[in-house]
Structures are given as C-alpha cells and as structure tokens.
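For reference, the structure is listed below as structure tokens.
Derivation of every value follows stated rules applied to the coordinates shown; laboratory data play no part. Keep in mind that this is a model prediction, so the values were computed, not measured.
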Amino acid sequence: MLKIFSHYFPTHTLVQIASDVLILFVGVMLAVVLQPEAGVDAWRTVLPSALLFAMAMVVLNGVTGFYRPVAGQRFKDVIARVLVGVFVSIPVAYAVFSVLPWGEFASEAVEMSVLMVLGLMLAMRAFSNRGPRSAMLSRRVLVFGTGDEAKAVASALGDPSLRGMQLVGFMPSGNDEQITVAHESVFQGRQLLDLVDEESVNEIIVAVRERRGGVLPLRELLDCKMRGVRVFDLSSFYERARGQVRIDSLRASWLIYGEGFRQGLMRTVVKRFFDLVASFILLVLALPVMLVTALAIVIEDRGPVFYRQIRVGQNGRQFKVTKFRSMRTDAEKDGKPKWASANDDRTTRIGRLIRKLRIDELPQLFNVLIGDMSLVGPRPERPYFVDQLTAEIPFYAVRHCVKPGVTGWAQVRYQYGASVDDAVQKLQYDLYYVKNHTLLLDLVVLAETVRVVLTGEGAQ
C-alpha cells in the first residue's frame, strides 16, 4: 500500500495504472507514426494528444471498476465484465479521440488501431484482476498474535485488494493466548528476529489487544524496525488495509495526538469551492433526469415529488434535507422513526428504481449549494437516530466535525445499513474520512460512486 495525500492506494493498482497509460500512449503513437505520410513532425504534434487520451481512458477504466480486484470470478463473469467495459469505454474513447488535436495524422485506420488496443487492454486487466494474488511486488507479512484479533487480520489479508500482501504465519505472544487461527500456520518456539530473517518478513502486524505485563517483545520489535521491517498496530493496519478507523482499537488519546483530523482553513476553502463548482455542473447535467423522475413520481401515486426531513449536520446543527420521495406517503404513519432497509416494503415502484440508481439523492445538490451539505462526507442522519447511536457507539459524534455529504467513503465501501451494528461499521469508514479527507480522497469517492451506480452495488 502506498500513501498519497493521506490516502492509501494498493501498490499493484498503481502499477497497473502506470502500465496502462504507457500501453495506450505507445499504442496511439505507433498507430500514428507508422502511417506512410508521417514524418518527424508527427511526434511533436501527436505526443500531447496521445498522452491526454491515455490518461482519460485510464481514469474511465478506474471509474468503471477495472482496477478493482475480484476474487473467484467465473470465466463468464469476466467476459461479461469485459463486454460492459467495452460498451462503456469504446464510445467514450471515440468521443475523446475526436476532440483532441491530431493535426493531419488522424484517420479511420488510426482510430480502429487505438480502439483495438483499448479493447485488448480491458480484457487483459479483467483477467489479471480475476486470478490469485501475484507474488510480484508482494510483501511478506507476519502476524504477532494467535487470538481473535489475529484471525480477523488474516481474514482482512485475504481481501483481493490486498493481493500484494502475503501472509507468512502467526507468532504466539507468549501470554497463554488462545489459538483461534490455523495451528499449522503458528510458529512455535521461534525467536522473532530469527523468524524474520528465515521467512524474509517485510512487515509485522501486532494483533494483540492486551499489551501490558511484558506481552510484547519491544526490544525485538525495535530491532526488526531498525532492519527495515515495518511494524504496525491494529489501528494502523486497518486504516491502511481497509480504509477504516476501528472503534474497538480506538482511544481518545490517539484522536488527540495522532496525525489527521485536521480542519484547516485552506482545506475548508478548497472543499467549499469544489462543492460549488461540481454541484452546479452536476445539477445542469442531471436536470433532464430529475424532470423525468419528478413526472414519474406524480404519475404513480399523485403524491408530492420531494420530501424534506430534518437531519443533523456539521457540529450538530440541524437542517432540512431534500430528496425525491421514494416511499409511500404513509411510510411512518405511526409517527415513529424507522430505519430504511434493503428491499423496504414501504418503497414505491418508482422509488425502488431511483434508489437503485441513486437518483433520489440528486435534490441534495441544492443542499450543497446553500452550504448545509458537502458533495462528499458522512451520511446525514435523523436526530432520533443520532441520539440513539451517540449513546450506544463510542466516538459517534466525531463524524459531525465535517459537513455531511451526498455521497461518502462509508456509502461506497459498505452496503446499505439498517441497524446499530451497520452504523458501527459505517462509522469506522466515516472516521477514516474525517481523519484523512483531502481533495484527492473526495475525487476517489466520486469515482467509486459512479462505479457503485453503474454496477448497482450496495443499492437498497
């Protein structure tokens, strides 16, 4: 994992992105300069356009999820993924290619060559992200501990997005910890330094909750770090690997003294400017869809098009959020707030469709323009649920130190939540966003949102 502007990116994904830019750039350049009439001037004329084209296509591939590893995907699913990618990418590629300045070197032969290169690259990327993790550039990881925390770390390391991290095994902590991991993976009776050398360990994850009473071999861990081995505690591991700040390993002192959680003036100004520009553009582009949606809601049950509901915003300030109505008008006829859930029987037919496509969220762009919300941030909740969750979940109020968002890190990383347990899981993603939010992370969330909408992942 590589940290860029406070956010972690899988190393293998960055390598794929760089190699795809190079493949497309070289493919375009060769398609142009191999034309009989192309001379030395072709390089200078075509080079900027070729680079812009390659970067635009890689960004599109990222938005459509081609750099997202998928474990155990069947062959027919991979083919379907390639066909969807081609269906989306080829028209966009043709449009981008058409508007870039190529001088007199653009031709139908060049366009066909470029589209063929793009299609082959999509197929290659779909298959390369389907199989087991590659040993190339992988880091060998030793987990210190054998209990439930170590088992959870092992499960996290099995995520396809962490294919660059190879689990070596587990080392007992020496405090009679119960072994809940596979016994054959536990190194018994070995010294930590010897084990690191013999197994070529690159990273150590300390998966021990109780650290008092000499549980941790601090001197040996320090020696490992001095040899270039990276050592992580549970909080750092989950933040890097899962994009979470774990509640069960969180301490108030870490929030106070740790890195992140900065709410500086410059970041506030940049975020507000980005919100204004992006939300205005999105409203203009989405206006036809919003008009059709409003008409469909009226035709279905003659009820109101919008509904406004009080939500809790930044610093606990309450405001009214505006959304397209997706439920029946008597959804809460008893007056008691209820969690919305997947396949909620209170939703209308049009409501189910606009929820699946996230169209019901579009009117919240007006909340962004007036400053109640941001484009990216934690999901705004109702006061009733905020009071309940604040009482039951530690550090829940921390998420209110930033503006709530139309979309957010938790929304794209976790399925729709309808319980306190789901709220805990989503809070861990929200805390990661609050701690590390930058313009780059906002752009990553928006790209992930497009992918979620296109695939229907996590829809209610």
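For this structure, a couple of remarks:
- Å³ per residue enclosed by the Cα convex hull of the stretch 245-315: 177
- With 10 Å bins beginning at zero, the pair-distance distribution over Cα atoms of the stretch 338-451 amounts to 13, 44, 37, 6 %.
- Cross-link pairs Lys323/Lys403; Lys271/Lys435; Lys403/Lys426; Lys403/Lys435; Lys323/Lys435; Lys271/Lys403 - those with Cα-Cα distance over 19 Å: Lys323/Lys435
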